[in-house]
1. Kindly state, to the nearest 0.05, the FRET efficiency for Ser175 paired with Lys144, given R0 = 35 Å and r defined as their beta-carbon distance.
2. So how much slack lies between Arg299 and Ala79, counting 0.36 nm per residue of separation and subtracting their Cα-Cα distance, in nm?
3. For all pairs of alpha-carbon atoms in segment 101-168, what percent lies in each bin of width 5 Å, listed from the first bin to the last filled one?
4. Sort 51-58, 364-371, 40-47 for me by packing, meaning the mean count of neighbouring Cβ atoms within 10 Å per residue, highest on top.
5. Listed highest first by mean packing, meaning other Cβ atoms within 10 Å per residue, what order do 332-345, 141-154 come in?
6. Among Lys54/Lys144; Lys74/Lys178; Lys80/Lys150; Lys313/Lys415; Lys83/Lys165; Lys331/Lys415, which pairs are too far apart, with a Cα-Cα distance over 24 Å?
7. Using only the Cα atoms of segment 25-73, build the gyration tensor, take square roots of its eigenvalues as a ≥ b ≥ c, and label the shape rounded, prolate or oblate: rounded if a/c is under 1.5, else prolate if a/b is larger than b/c, else oblate.
8. Using the Karplus equation 6.51 cos²θ - 1.76 cosθ + 1.60 (θ = phi - 60°), what ³J(HN,Hα) coupling, rounded to whole Hz, does each residue of segment 197-204 give in order, writing x for Gly and Pro?
Amino acid sequence: MKTFLPQIERRIVVRPNQTFGILNYDMDNAYPQRMLELVSRSPTAKDCWNKRAKFIAGNGFEDATLGKQVINSKGLTMAKLLKAIATDKALFCGFGIHVNYNANCKIASVNYVKFEDIRMGDTDDAQTAGKFAVYNDWGRRTWKHIMRSKITFLDNYNPDAEVIKRQVIAAGGWSKYKGQLFYFNPEVDDYPLLEADSVWEDFETEAGIKTFNNREVTTGFLPSTMLFMQSRREEADNSTDNGRGGNTPSQLERDLSSFQGAKSAQKIIVIEYEDESSKPEFQPYAIQNNDKLFETTERSVEARIIKGFSVPKELVNAEKSSGLSNGSEKKEAIREFNDNTAPDRLELSETLESIFANYYSNINPAANWNIIPVPTNVADDAIGLKAGSAINQLLLSTLSPASKIATLVHAYGLKQSEAEAMVNPHNQ
């Protein structure tokens with residue numbers, strides 16, 4: 001008897017690219033760019049990314065003066081650097097920081113580098129091994145071809161003075177030295193996957209549903225219809241090309257096209273015909289009820305995306321939670337998500353502490369690199385606004401006092417005495 005184990009296809013394939021001296025980030029070397037595009041088209045994925053980034057960056061540094069420190073000639077502050085690397089870590093699980101040194105081998109400037117712009121050097125290429133390639137268009141969105149002359153190769157981060165001096169000599173002096181790149185990568189010698197890579201297909205699905213809904217609106221929710229009519233060559237000769245890769249539309253086709261769309265609903269179109277045999281026939285054909293199907297699919301896709309990012313659903317769909325009474329569900333979700341993202345905040349603070357230990361000046365005399373978690377009282381604030389507005393509307397309504405008291409007790413969790421005091425304040 002023979003047995004075999006089914007092979008699970010790898011999400012990304014990392015292969016040497018001898019043309020550029022790098023390791024490709026998937027077959028097309030554009031995995032981060034593709035994922036960014038998919039996330040930007042998926043409302044739920046983008047919301048989850050923003051939520052995760054917000055919780056990793058927290059409320060900034062505990063030492064408020066640290067966040068205001070300027071760390072390069074372009075005016076980048078520590079607070080902005082923290083937000084930028086937290087955003088990349090929330091999606092890609094990694095981030096990049098560029099540093100450059102002065103003649104004393106101390107860090108003189110620190111810059112943020114977009115994670116999607118970084119590629120690892122080919123380990124089999126003596127010139128690029130141990131280096132990182134930085135280029136702003138690996139996905140070829142702007143230019144058709146990648147120009148090696150515009151790729152910047154940076155040495156791997158190593159603050160050892162002797163290492164820096166050797167790198168400066170190899171570069172041809174301080175004026176030509178480009179500095180080093182700190183590349184945070186949980187995979188060490190491999191490229192990391194997206195935080196929610198396991199559900200990236202759902203990003204595409206949600207984007208497709210959005211496109212379908214848009215098409216339904218722009219066509220005025222018209223049912224699918226077939227038009228049967230006799231050929232009329234005096235209107236158009238569709239056997240000839242119009243010079244733009246298509247046939248010239250007839251007047252009838254142009255009229256029918258303008259008849260569709262949300263802004264064209266309820267318009268009247270007049271079609272003339274000479275005899276009964278030439279009368280056009282519009283015949284609708286039955287299709288599956290897409291509304292219910294898409295509604296069910298949208299809910300399941302949204303749930304999987306939220307789960308893929310490990311974001312509590314109460315933080316993404318706060319309006320669907322039942323926590324109008326005291327916000328306890330959202331408060332608990334914030335605590336849970338703070339706990340889940342605590343290791344990320346610790347990694348960021350430890351990384352920044354390590355890098356700036358080699359900075360030319362002491363920008364953090366208090367030596368406090370801790371990041372403040374998102375406070376749970378934001379749930380109280382949000383819930384107070386919603387509940388307060390709803391309660392005011394209830395008190396001003398025409399309902400009987402007994403109904404108002406019952407609603408306050410059962411819907412908003414107030415005590416009987418508190419509800420009575422709010423409805424009948426003059427009786428107290």
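Each reported figure results from applying straightforward, stated rules to the coordinates on display, with no laboratory input. All of these numbers come straight from a predicted model, not from anything done at the bench. Here the Cβ positions follow ideal geometry from the backbone for every residue, glycine too, while neighbour counts run over all protein chains shown.
1. On the way: r = 33 Å, r/R0 = 0.95.
The computed FRET efficiency comes out at 0.55.
2. Values: separation 220, 0.36 × 220 = 79.20 nm, distance 3.65 nm.
The span from Arg299 to Ala79 would gain 75.5 nm if fully extended.
3. Result returned by the calculation: 3, 15, 20, 21, 19, 12, 5, 3, 0.
4. Averaged packing, sorted descending, gives the order 51-58, 40-47, 364-371.
5. Working: 332-345: 17.4, 141-154: 12.1.
Final packing ranking: 332-345, 141-154.
6. Numbers: Lys54/Lys144 35 Å; Lys74/Lys178 16 Å; Lys80/Lys150 26 Å; Lys313/Lys415 29 Å; Lys83/Lys165 32 Å; Lys331/Lys415 21 Å.
Table pairs above 24 Å Cα-Cα are Lys54/Lys144; Lys80/Lys150; Lys313/Lys415; Lys83/Lys165.
7. Oblate is the answer for segment 25-73, as a/c is 1.5 or above yet b/c matches or exceeds a/b.
8. Result, ordered by residue: 4, 5, 10, 5, 4, 6, 4, 5 Hz.
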